[in-house]
Amino acid sequence: MKRGLLYGASTYGIWGLLPLYWRLLDGAGAIEVLAHRFVWTLAVVGVLLWLRPQPGWWRALLGRPSALRCLGVAAVVIAFNWYLYIWGVNHGRVVETSLGYFISPLITVLFGVVLFRERLRRGQWVALVLAAVGVAWLAIDYGRVPWVAVGLALSFAAYGVLKKRAAVPAVEGLAVEGAVVLPVMVGYLGWLEYAGRGSFGHAGWSTTLLLMAAGPATAIPLLFFAGAVARIPLTYLGLLQYLTPTVQFALAVFAFGEPMPVARLIGFALIWTALSAFTVSSRRRLARPVSASPTPAPARG
C-alpha cells in the first residue's frame, strides 16, 4: 500500500511538470512528437526487458486473450490521450488540460465504485459532488464544452481501468502497448522523412535529443503508474491524480501567463476544497490495510 502511494505520487508529480518539456518541442507537430514518444518509449522498455528478463511472460500472456485485448485497446486509448495533451499544451490550453486532469479523478473514482465495487464513505461522496459542481462551474465559465478537458479525462480514466483489468507487469504491459501502435508510428515518421517535413535530425541537435528523450520521460512515470494501479484501489488513485492538474495549473498561470479570471478561480477553488474534504475522509482508511477486489498481483518495475 505504501509503495503504491509512493509510485502514484511520483507519477503524477512528473506528469504535472511535462508541459515544460512539450513546450520545448512546439516546433514539431503534435503527431510527430507522439510518434517519437512511442518509438523511444518502446526502446527504453526493450532495454528494461533485456536487463531484467522474465522468461515465459509472452507465452503466459498468449494464454490470456482478454488481457491482450485490454492492452491493445489501452494502447489506442493512451495514444489518443498523449496526442490531445501535447496538442493542448502547444496551443496555449494548459489550463484546460489541467481541467481535464481534475475531471479524470472523478471518473476514475466512479469507475472504481461501479466496476470494482470499491466503497466510499459519506464524506467522500460529498467531496465528489462538490468537485463535480466545481467542474460544471468551470465549463460554464469557458462558455463552451471544454472538449480538450473532456477528452483527456475520459481517455485517461479508461486507460487506468484497462490496465487494472489486464493485470500485466509494468514493463511487459508497456512492451505490448508500444508494439501495437509501433507500425503506424514508424510509418508516419517514414512519410515525414520522405516528404521532407520531419524535425528529427533536421531542426537542430537540441530538438533531436529532446525527441529521443521523450522515451525515458514517458516510460518512467508510466512504470510508476503501472506499479501504483496494481497496488492501491482506484479510489485512492483518483485522489492522487489531483497532483498533476494542480502542478499544471500553476505552470499555466505563473509560467505560461494564461488568463485566470476570478470566476474561473472560483471553480478551481471548489475543486481544491473537494480534494481537501476527500483527503480528510480517506485518512482513516489509509491508516489501515485496505482490500480491493479485484486487485492484480504487484507489477514488476
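Checked against the criterion of being closer than 22 Å to residue 81 by Cβ and hydrophobic (A, V, I, L, M, F, W, C), the candidates 184, 126, 133 yield just one match: 184. Would you say residue 162 is in a helix (DSSP H, G or I), hydrophobic (A, V, I, L, M, F, W, C) and surrounded by 18 or more Cβ atoms within 10 Å (Cβ to Cβ)? Yes; evaluated as a whole, the condition is true for this residue. Here residue 208 meets the list (1) in contact with a Phe, Trp or Tyr (Cβ under 7 Å, 6 or more places away or on another chain); (2) touching a residue at least 24 places away in the same chain (Cβ under 8 Å); (3) β-branched (Val, Ile, Thr) almost entirely, failing just condition (2). Please work out if residue 67 is surrounded by fewer than 16 Cβ atoms within 10 Å (Cβ to Cβ) and either part of a helix (DSSP H, G or I) or of a type in the set (Gly, Ala, Ser) (or both). When the stated conditions are applied, residue 67 does not pass them. Could you tell me whether residue 101 is within 30 Å of residue 265 (Cβ to Cβ) and surrounded by fewer than 21 Cβ atoms within 10 Å (Cβ to Cβ)? Against the criterion (within 30 Å of residue 265 (Cβ to Cβ) and surrounded by fewer than 21 Cβ atoms within 10 Å (Cβ to Cβ)), residue 101 does not qualify.
Taken residue by residue, the stretch 244-251 has no member that is within 27 Å of residue 59 (Cα to Cα) and either surrounded by fewer than 17 Cβ atoms within 10 Å (Cβ to Cβ) or more than 13 Å from the chain's Cα centre (by Cα) (or both). The test for being among the hydroxyl-bearing types (Ser, Thr, Tyr), at pLDDT 80 or above and in a helix (DSSP H, G or I) holds for residue 273. For the stretch 119-144, the set of residues classified as surrounded by fewer than 21 Cβ atoms within 10 Å (Cβ to Cβ), within 17 Å of residue 233 (Cβ to Cβ) and in contact with a Ser or Thr (Cβ under 7 Å, 6 or more places away or on another chain) consists of 120, 121, 123, listed by residue number.
Only one of 224, 249, 200 is aromatic (Phe, Trp, Tyr), in contact (Cβ under 8 Å) with a residue 40 or more places away in the chain, part of a loop (DSSP other than H, G, I, E, B) and in contact with a Ser or Thr (Cβ under 6 Å, 6 or more places away or on another chain). Can you tell me which? Result of the check over 224, 249, 200: 200.
Residue count for the stretch 192-214 satisfying the condition of being surrounded by fewer than 17 Cβ atoms within 10 Å (Cβ to Cβ), at pLDDT 90 or above and under 10 Å from residue 32 (Cβ atoms): 0.
Every residue, every condition in (1) part of a helix (DSSP H, G or I); (2) among the hydroxyl-bearing types (Ser, Thr, Tyr); (3) over 20 Å from the mean Cα position of the chain (by Cα); (4) surrounded by fewer than 22 Cβ atoms within 10 Å (Cβ to Cβ), yes or no:
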site	(1), (2), (3), (4)
34	yes, no, no, no
37	yes, no, no, no
40	yes, no, no, yes
47	yes, no, yes, yes
50	yes, no, yes, yes
53	no, no, yes, yes
61	yes, no, yes, yes
71	yes, no, no, no
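The number of residues in the stretch 30-76 being in contact (Cβ under 8 Å) with a residue 24 or more places away in the chain and under 18 Å from residue 215 (Cβ atoms) comes to 21. Among the residues of the stretch 19-31, those that are in a helix (DSSP H, G or I) and crowded, with 21+ Cβ neighbours inside 10 Å comprise 19, 22. Residue 95 fulfils the conditions (1) out of contact with any Lys or Arg (no Cβ under 8 Å at 6 or more places or on another chain); (2) crowded, with 24+ Cβ neighbours inside 10 Å except for a single criterion, (1).
Going by what's in this entry, would residue 174 be described as part of a helix (DSSP H, G or I), touching a Pro at 6+ places or on another chain (Cβ under 8 Å), buried (at least 18 other Cβ atoms within 10 Å of the Cβ) and modelled with pLDDT of 80 or more? Against the criterion (part of a helix (DSSP H, G or I), touching a Pro at 6+ places or on another chain (Cβ under 8 Å), buried (at least 18 other Cβ atoms within 10 Å of the Cβ) and modelled with pLDDT of 80 or more), residue 174 does not qualify.
Of the residues making up the stretch 108-118, those that are in a helix (DSSP H, G or I) and surrounded by fewer than 23 Cβ atoms within 10 Å (Cβ to Cβ) are 110, 111, 113, 114, 115, 116. For the stretch 107-152, a residue qualifies if it is among the aromatic types (Phe, Trp, Tyr) and either within 18 Å of residue 277 (Cβ to Cβ) or in contact with a Gly (Cβ under 7 Å, 6 or more places away or on another chain) (or both), and the qualifying residues are 125, 137.
The values are calculated or read from the model by the stated rules, or taken from the named source; none is laboratory data. Quantities reported herein were computed from a predicted structural model and do not represent experimental measurements. Glycine gets a Cβ as well: all are built from the backbone with ideal geometry, and neighbour counts include every protein chain shown.
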